[in-house]
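Enquirer: Following this message is one structure expressed as structure tokens.
The values are calculated or read from the model by the stated rules, or taken from the named source; none is laboratory data. No experiment lies behind these values; they were computed from the predicted model shown. When we count neighbours, we look across all protein chains shown, and the Cβ atoms used for this are built from the backbone with ideal geometry, even at glycine. To get the accessible areas, we keep the full protein, side chains included, count just its heavy atoms, and leave off ligands, DNA and RNA. Shrake-Rupley method; radii C 1.70, N 1.55, O 1.52, S 1.80 Å.
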Amino acid sequence: SGSTQVLKVPPGGTADDATPAAVTSLVPNDVIIGYSGDADTTLEQSLCRVLFVGENDSTGTGDPRYDVVTDCPVTSDTAGNLYTGLSCWEDMLVGFPLTKYLPVYEVLRNVVVLFGITDYSFLIGDADESLVTFFGGIGDAIIACSSQGTTEACEDLQDTVNTFIENGTTAGFQAQVDELIPLALGAANAANFAWYFVNIAAECMSGSTQVLKVPPGGTADDATPAAVTSLVPNDVIIGYSGDADTTLEQSLCRVLFVGENDSTGTGDPRYDVVTDCPVTSDTAGNLYTGLSCWEDMLVGFPLTKYLPVYEVLRNVVVLFGITDYSFLIGDADESLVTFFGGIGDAIIACSSQGTTEACEDLQDTVNTFIENGTTAGFQAQVDELIPLALGAANAANFAWYFVNIAAECMSGSTQVL
């Protein structure tokens, strides 16, 4: 309810620094206490980044309630009561044990992240009118689609989603769907997009994930399954490339970086794989970004905003020859979770405005990260390479160059002055 108090963690803080905050005060990118894990592990207390805060009157009493979606499946208030991202829509969870809720939550998170949905303003009317019919029973359709793993099994879900979009959402949101779905999934897959939201990987690769690896000199037809744990830099795997103005197409993608981390906090290692393509794929067709383990990096980020962020990631990896997480102090979680929170927006601001002044916040964040989260050896490498690459006069504002420099060469249509 509007009076609910959650435990909010200050920027750069830990769970021990959390203090009570009203749910009405929450905004995207705030960090609160919740619980994460998967169907095979016990949920553990985690720092959870807020993705969405929606006010609704699902009780029909005129007393507003709040849906809070974070990058954790379960959140908590100061009294220890637990909430899901769909607690206001309990008809969604009828007969749902946690093992069935978790994959439904993953779909919810996928949708929120891709479309940059942060509240209920994408709906026609209030949340009740637009959602009560949509969510009724849709959980079972998601489970059927997920468990069977075929586009055919998702037909009922797709029909329900189409009806909801056409009748319950604004014209602006419908235009966004028409624009982003083909861009994210390819035009050929757009008609069956529900399948992808259910089966796409919102998390990173596990050690058992199989990718399609292409032998030296081979083509996509020569690709064979290989465990992600076997990948090393310069291996070639199947992925997707393109830009914000084109449909992503299947490509041969060279591995630049393979990083093991425990972003779930469960002790079960996951893997970030950065290639020279923005999106990679496993043998089952699930899609991954180079930052899938750090979904808080992608809060509110449609694919059109992810692509320039990916370009910066690639620029950094290539210049410094980073191939794994050994440049960090401690494990990846301790060093990166604070750094990546909200940095995507700083990158976009720096990129879109194109001035060194607009990059000051980004530069400050990067400097703090380097000074506190990386090894002395990496810091020495930065001190050596940045002036060499950009010139001594530009070294203090190097974030601007990483955002605005081109990682690819000129095409035939490139215009110069």
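Enquirer: Might you check whether a residue that is open to solvent by less than 40 Å² (accessible area, probe 1.4 Å), under 23 Å from Val274 (Cβ atoms), among the charged types (D, E, K, R) and modelled with pLDDT under 75 occurs anywhere in the range 400-408?
Expert: At the first step, the residues of the range 400-408 found to be open to solvent by less than 40 Å² (accessible area, probe 1.4 Å) are 402-403.
Checking the rest, the ones that are also under 23 Å from Val274 (Cβ atoms) come to 402-403.
Subsequent filtering for residues that are among the charged types (D, E, K, R) retains none.
No: zero hits.
Enquirer: I'm trying to understand the selection: among the residues of the range 2-15, which are within 26 Å of the chain's Cα centre (by Cα) and either under 18 Å from Asn81 (Cβ atoms) or not small (Gly, Ala, Ser) (or both)? Before the answer, list the steps.
Expert: So in the range 2-15, the residues within 26 Å of the chain's Cα centre (by Cα) come out as 6-15.
Correct list: Val6, Leu7, Lys8, Val9, Pro10, Pro11, Thr14, Ala15.
Enquirer: Here is a follow-up. Restricting the search to the range 228-253, which residues are open to solvent by 20 Å² or more (accessible area, probe 1.4 Å), modelled with pLDDT under 90, on the phi < 0 side of the Ramachandran plot and outside any strand (DSSP E or B)? Break it down into steps so the answer makes sense when it comes.
Expert: As a first pass, look at the range 228-253 and keep what is open to solvent by 20 Å² or more (accessible area, probe 1.4 Å): 229-230, 232-236, 240-247, 249-252.
Narrowing the set further to residues that are modelled with pLDDT under 90 leaves 240-247, 249-251.
Subset that is on the phi < 0 side of the Ramachandran plot: 240-241, 243-247, 249-251.
If the condition is that a residue be open to solvent by 20 Å² or more (accessible area, probe 1.4 Å), modelled with pLDDT under 90, on the phi < 0 side of the Ramachandran plot and outside any strand (DSSP E or B), then Asp243, Ala244, Asp245, Thr246, Thr247 are the ones that fit.
Enquirer: Let me ask you something else. Can Leu256 be described as modelled with pLDDT of 80 or more, of a type outside the set (S, T, N, Q), part of a strand (DSSP E or B) and closer than 30 Å to Ser413 by Cα? Walk me through it before giving the result.
Expert: On the way: modelled with pLDDT of 80 or more: yes; of a type outside the set (S, T, N, Q): yes; part of a strand (DSSP E or B): yes; closer than 30 Å to Ser413 by Cα: yes.
It is true that Leu256 is modelled with pLDDT of 80 or more, of a type outside the set (S, T, N, Q), part of a strand (DSSP E or B) and closer than 30 Å to Ser413 by Cα.
Enquirer: Turning to a different aspect of this structure: So is Thr289 within 29 Å of Ser251 (Cβ to Cβ), at pLDDT below 75 and not basic (Lys, Arg) or not? Outline the logic, then answer.
Expert: Working: within 29 Å of Ser251 (Cβ to Cβ): yes; at pLDDT below 75: yes; not basic (Lys, Arg): yes.
Criteria met by Thr289.
Enquirer: Same structure again: What pairs come out if I take residues in the range 372-385 that are touching a residue at least 40 places away in the same chain (Cβ under 8 Å) and closer than 16 Å to Val316 by Cα and pair them with residues that are of a type in the set (Ser, Thr, Tyr) and surrounded by 15 or more Cβ atoms within 10 Å (Cβ to Cβ) whose C-beta lies under 9 Å away, six or more apart or interchain?
Expert: Gly373/Ser335; Gly373/Thr338; Thr374/Ser335; Val382/Thr374
Enquirer: Here is a follow-up. Is it true that Thr133 is assigned to a helix (DSSP H, G or I), at pLDDT below 85 and open to solvent by 30 Å² or more (accessible area, probe 1.4 Å)?
Expert: Against the criterion (assigned to a helix (DSSP H, G or I), at pLDDT below 85 and open to solvent by 30 Å² or more (accessible area, probe 1.4 Å)), Thr133 qualifies.
Enquirer: On to the next question. Mind checking which residues of the range 1-27 are surrounded by 14 or more Cβ atoms within 10 Å (Cβ to Cβ), in a loop (DSSP other than H, G, I, E, B) and in contact with a Lys or Arg (Cβ under 7 Å, 6 or more places away or on another chain)?
Expert: Listed by number, the list holds a single entry, Ala18.
Enquirer: Restricting the range 316-341 to residues that are open to solvent by less than 20 Å² (accessible area, probe 1.4 Å) and within 16 Å of Val382 (Cβ to Cβ), which is modelled with the lowest pLDDT?
Expert: Among those residues, the one meeting the criterion is Ser335.
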